[in-house]
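The values are calculated or read from the model by the stated rules, or taken from the named source; none is laboratory data. Since this is a predicted model, take the numbers as computed values, not measurements. Neighbour counts are summed over all protein chains in view; Cβ atoms, including those assigned to glycine, are modelled from backbone coordinates with ideal geometry.
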């Protein structure tokens, strides 16, 4: 039997192919390992970032929830205040309407009062010249007060009312009392003589010239007070005045009297 001879050179190509294959596999394994390592590192970094982001988000979430709680509380308080303000606003509007109605009523009443005061003042002005001088002197400051108002600075309704009441009170007081005063009367020589006059309210009066024992009655008229001489009545009028002054004992004195109604 013939045995073939060994050919070592023919096996060289196979060895080379094997070595190249092993080398390629090793190189391939090395690349795969590096790639996996890189990807693993990237994955770990991603996980770390996700974990950090999660922690940040949880922290921000807590902050946001706390802020939300605060805002909800503030919202509730604002809502409560708003409701209170709406209630207060409704009450204010109601009160304002009531005040406006009251103001309108007062304005109307003030207008009516002004009209009434205008009529009274006009009437007092007509009567002023018909009152006896003592009464005119007593109320002249009050009348001047009524006339002191100007267009830019008028007398207020309150001042007018008080002044008119004061005038009417002074008239009523004079009319219900006896007033003793003095007047100057012209005499025959062109001079003047002092005459004592006793007014019985606004009804009438008696006057006497003590020096000559001349006497008069004084009566109101549409043109003022009229003096009418009482011949021979001087002593009796003088006696009446002395009784009033309490320098003579009380006694019955008879004198003529005339009463009449005056319609100015």
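Of note:
- Condition check for residue 168: surrounded by 13 or more Cβ atoms within 10 Å (Cβ to Cβ) and touching a helix residue (DSSP H, G or I) at 6+ places or on another chain (Cβ under 7 Å): no
- Subset of the range 142-165 that is assigned to a helix (DSSP H, G or I) and exposed (fewer than 11 other Cβ atoms within 10 Å of the Cβ) - its residue that is nearest to the chain's Cα centre (by Cα): 158
- Any hit, the range 177-186, residues being at pLDDT below 90 and surrounded by 14 or more Cβ atoms within 10 Å (Cβ to Cβ): yes
- Flag if residue 85 is outside the structural domain of residue 163 (by TED's automatic domain parsing), surrounded by 11 or more Cβ atoms within 10 Å (Cβ to Cβ), within 27 Å of the chain's Cα centre (by Cα) and part of a helix (DSSP H, G or I): yes
- Condition met for residue 11 (at pLDDT 75 or above, out of contact with any strand residue (DSSP E or B) (no Cβ under 9 Å at 6 or more places or on another chain) and part of a helix (DSSP H, G or I)): no
- Restricting 65, 102, 74 to those that are within 30 Å of residue 158 (Cβ to Cβ) and assigned to a helix (DSSP H, G or I) reduces the list to 102.
- Meets criteria (touching a residue at least 40 places away in the same chain (Cβ under 8 Å) and farther than 27 Å from residue 197 by Cα) for residue 130: no
- Residue match in the range 115-127 (condition: exposed (fewer than 11 other Cβ atoms within 10 Å of the Cβ) and over 32 Å from the mean Cα position of the chain (by Cα)): yes
- Filtering 112, 48 for residues that are under 30 Å from residue 161 (Cβ atoms) and at pLDDT 75 or above leaves a single hit, 112.
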